[in-house]
Amino acid sequence: MPSSHNINLECRLSVALDGELGDADKAEIEALLAENGQQARDIQENLRNANAFGISAFDEVLREPVPLTLVRTIKTATPPRKAVRLPQPQRPSLEFKPTRRHVIVGCLAVALFAGGIGFMIGSRPQMQTFAELAMPVTSGWLEDIATHHRVFSRQTDHLVEVSASDSPHLVDWLMATTGVSFRVPNLATDKLEFLGGRLFSAAGKPVGQLVYRDEDGSIISICFARNLVGNDQNMAEQIRDDIGLIAWHRDQTDYVVTGASSNANLDDIAAKVAGQI
Amino acid sequence: MTLQPDHTDIRRDLVSLLPRLRRFALAVCEQPDIVDELVGDACLQAVLKAPQFDNGSRLESWAFALIQSVWMDQPKKRTSSGEDTGSNGFTGYHAILGLPQGIAASFLLVCVEDHSYAEAASILGIPPEAVAANVVAARVHFAHQIADSAERRA
């Protein structure tokens, strides 16, 4: 059993180990180490070893995989709204007291308007417009892309149709098929290896896909298609189960970066892609 | 044109901190089965309180303090400590889970996360002297564990 003197020495040596001693206390500890000789140095060594053991034990914990449900809970948490209510000037109260004449005129106006609408619908020619003939773009195009990513990212031996070694052909092929002019982004600084590309369809349109792999073997891909949906230039992140998608629209082209929803850097990667592609 | 992600949104940063937040939560509650619930609750609070976060300070310290606060607000779960109902991978960390109650978080903050006694005290809501005492106690405990395992090997 350690003596109270040793316990006191242990405490002071421990505080010294953490660098929390002042200059005067440091000098005192050094004198103490010299005074107690081997015993004090043994205690100091034990504390150091124990410290290293504890740090190592806690570092092991970091290797535990983070549950996807926890990642999704945080990624889909609703941030606070920045609603600012400005003081409104008091509105003057308007008194509405219609006369009999006003009521009759109003009713006639409504009847004429409704009749006009009905006439236009009834006499509509039986001809379809171009918009009606064109294939409608489904709002589920992101689902198509997420499904595609989920299926193909697991085919580790068949990830791409054209490999990175044949990039010029890949670019020519995808540009000709999708109508999108692009460059293959270099994401080596994010430790992403370019593997190649492929073509698939989403919402009935051809979509080009560039495929990358990170250090852990996870697949991240860039998909692009001509005028697939919207005109939203801002990046928007969406999660479809285990797949995270960051989509934006620019110059009549829709882009989506896809990867695991647990990938915290997906938006950084998307920002770099937007700057390079 | 270069599109930039929204840097006022802390959700991405919280996700990248998750391994460290889970480790801190384990040190605080020492109950593997509620670590993820504790971290989830604290992170949701962090997202809601994001406008209050001072960008000049460390996000992880703020998140640690929120985890501690959420834990202190859950007296029922605190009293159920010791029941081994763990179902995640943390149950195997006997070196940490075997520490005397309440000292693991101090050791983690000071020795692993490189916080000063004052910073750790602020996060845990205890005096700096208590942090120093906890760190010594943790080191002594680990020293005993080393000695025990050496004896068993001998």
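Just so you know, all these numbers are worked out from the coordinates, no wet-lab data involved. Just so you know, these numbers come straight off a predicted model, no measurement behind them. When we count neighbours, we look across all protein chains shown, and the Cβ atoms used for this are built from the backbone with ideal geometry, even at glycine.
I need the semi-axes of the equivalent ellipsoid of region A:4-61: take the C-alpha gyration tensor, multiply each eigenvalue by 5, square-root it, list largest first in whole angstrom.
Over the Cα atoms of region A:4-61, the ellipsoid semi-axes are 23, 13, 9 Å.
Which length gain, in nm to one decimal place, applies between A:Val110 and A:Asp25 when the Cα-Cα distance is subtracted from 0.36 nm times their residue separation?
Going from the current span to full extension adds 21.4 nm.
Roughly how many nanometres apart are two label points built 7 Å out from the Cα toward the Cβ at A:Arg183 and A:Asn8?
Inter-label distance under the simple model: 7.1 nm.
Taking the highest mean first, how do the peptides A:58-68, A:257-267 order by number of other beta carbon atoms within 10 angstrom per residue?
Ranked by mean Cβ neighbours within 10 Å, highest first: A:257-267, A:58-68.
Could you give the nm distance between label points at B:Asp9 and B:Leu48, where each point is 7 Å from its Cα heading toward the beta carbon?
2.0
Work from the charge dipole of region A:12-58 (Cβ charges, +1 for Lys and Arg, -1 for Asp and Glu, about the Cα centre) and give the residue of A:Gly19, A:Ile55, A:Leu33 farthest towards its positive end.
Working it through, the farthest residue towards the positive pole turns out to be A:Ile55.
Determine the principal axes of the Cα atoms in region A:177-277, then give the extent along each, sorted from largest to smallest and rounded to whole angstroms.
Result for region A:177-277: principal-axis Cα extents of 33, 25, 23 Å.
If you rank B:Cys43, B:Cys111 by fewest surrounding Cβ atoms within 10 Å, what's the result? Please report the intermediate quantities before stating the final value.
Working: B:Cys43 27, B:Cys111 23.
Exposure proxy ranking, most exposed first: B:Cys111, B:Cys43.
Would you calculate the separation in nanometres between label points at B:Ser16 and A:Asp166, each defined as 7 Å from the Cα along the Cα-to-beta-carbon direction?
If labels sit at B:Ser16 and A:Asp166, their model points lie 3.7 nm apart.
Give me the three principal axis extents of region B:99-154 from the C-alpha atoms, as integers in angstrom, largest value leading.
43, 19, 13
Only residues of region B:131-153 count here: report those whose backbone N is under 16 Å from the spot 7 Å along Cα→Cβ of A:Arg48, or say none.
Of the residues in region B:131-153, B:143 have backbone N under 16 Å from the label point off A:Arg48.
Can you check what the net charge comes to around A:Gly244, using other residues whose Cβ is under 13 Å from the Cβ of A:Gly244 (Lys, Arg +1; Asp, Glu -1)?
Taking every other residue near A:Gly244 into account, the sum is +1.
Give the calculated FRET efficiency between A:Lys191 and A:Arg154 to the nearest 0.05, with a Förster radius of 25 Å applied to their Cβ-Cβ distance.
0.75
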